[in-house]
Amino acid sequence: MKTHETSRRFDELDILRFLAALAVVFFHYTFLNITEFEQLPSYPILGELFKYGYLGVELFFIISGFVILLTASKKDWRGFVISRMARLYPAFWIAVTLTFLGIVLFASDIMQVSFSQYLWNLTMGSEFVGVKNIDPVYWTLQIELKFYFWILLILFFDKIKYIESFIIVWLAFSILEIYHLGHGFTHFALIPEWAPYFSAGALFYLIQDQGLNLKRTGLLFLTYLLSLYFAIEGAEERSQLYGTEFSPIVTLGLITLFYALFILIIMAKTTRLYHPWVTLLGATTYPLYLIHQKLGQIAYFLVGDSINKYLFLFIVIISMIVIAYLIHRYLELAFSRVVKKRLEDIFSKIRKTKVAS
């Protein structure tokens, strides 16, 4: 794919990442936790407001579609594998280990985990082999891995220039999903209910990089309609699951807001939002997302019942952000460099072996 040279880093995405992660954190702490453990504090007013925080995941997927296509357009398949593994796995391994140790040391009477489960979780694909995630938030990473697989396949065959054709086919499976015509395997592999979000991000990148045309406009509008459909369907399912209304109007409004924000980003209307702390917030987002749910629950079981629940909420959120920063600053960065160097050496040796043979 031929791309325009640009030095723009899209710092606005760091803000969106952090806000999306924070929305998910508030969703778990003020709404979802009480549905899992009745001992955890209830926040009726905050819960009513932040019960829509789960839509931060949809925003994550739009961001991922944008960033992954940006990355894929500048790398071959080997570079893509190296960049993704060095980005995802170090923080993930650290988070899984901390969560496992937290459960074993402080919450083994409330939460169950085994060493074999821990080892399978380290692969990031434990649910693919029927092993439960130690922390439920990992499910989104398994969705991401499926998206990465298709991008990797496209790069392997050097067909990234046909990404729009792939998006058309992918969205066709999303439409089939609406009418329950998808096959079990295609539903598993093509994640049709999430495809519109990844596709929207990819299209936003294409429009920013190569310009707007009729095809991209039509495809983007289609992703918007499909995103609304699946988001409202998800809201209805949650209404039944949790016994409280998830307004389709609010859901529609938030999804529309996500698209509007990306339109502003690709039009360069948000560049003034940059500040040095924005990059720092973006860097803490991934470890924050990975550690907050189970470790936050464990923190309450340890000390929460002796503290005002609102004070505890404030303390635990700030603590998780600080821990996420420490993970990034003192562990993730160094670990990522090691993983990247190791993978580069492996691919270099493979190339040399092929040349020699």
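Worth a mention:
- With the convex hull drawn around the C-alpha atoms of segment 226-266, the volume per residue stands at 54 Å³.
- Relative contact order [Cα under 8 Å, 6+ residues apart], segment 23-108, whole percent: 24 percent
- Treating r as the C-beta distance of residue 153 and residue 318 and R0 as 56 Å, the FRET efficiency rounds to 0.85.
- Helical segments meeting 20 Å axial Cα length and Kyte-Doolittle 1.0 threshold in the chain (DSSP H): 12-27, 56-72, 77-106, 139-156, 163-178, 248-266, 309-327
- Exposed-site-free run, longest, the chain (rule: GluC sites (Glu not before Pro); DSSP loop; at most 13 other C-beta within 10 Å): 39-244
- Whether segment 159-304 is rounded, prolate or oblate, judged on the alpha carbon gyration tensor where a/c under 1.5 counts as rounded: oblate
- The chymotrypsin sites (Phe, Trp or Tyr not before Pro) of segment 69-176 that meet both conditions, a loop assignment by DSSP and at most 13 other Cβ atoms within 10 Å of the site Cβ, are 157.
- One chain, two ends: residue 109 and residue 178. Fully extended at 0.36 nm per residue, the span grows by 20.6 nm beyond their Cα-Cα distance.
- Where only C-alpha atoms are counted, convex hull volume of segment 13-89 per residue in Å³: 101 Å³
- Shape of segment 242-348 from the C-alpha gyration tensor: oblate (a/c of 1.5 or more and a/b not above b/c, with a ≥ b ≥ c the square roots of its eigenvalues).
- Between residue 217 and residue 242, the C-beta separation translates, for a Förster distance of 45 Å, into a calculated FRET efficiency of about 0.75.
- Spin-label zone in segment 178-206 - amide nitrogen under 18 Å from a point set 7 Å from the Cα of residue 168 along the C-beta vector: 196, 199-200, 202-204, 206
- Residues considered: 266, 307, 63. Largest GNM mean-square fluctuation over the chain, using C-alpha springs under 10 Å, is found at 307.
- Additional length obtainable on full extension of the chain from residue 257 to residue 279, 0.36 nm per residue less Cα span: 5.7 nm
Here, each number is a calculation from the coordinates, and none is a lab measurement. Here the structure is a predicted model, which means the values were calculated and not measured. Heads up, the Cβs are rebuilt from the backbone with ideal geometry, glycines too, and the neighbour counts pull from every protein chain shown.
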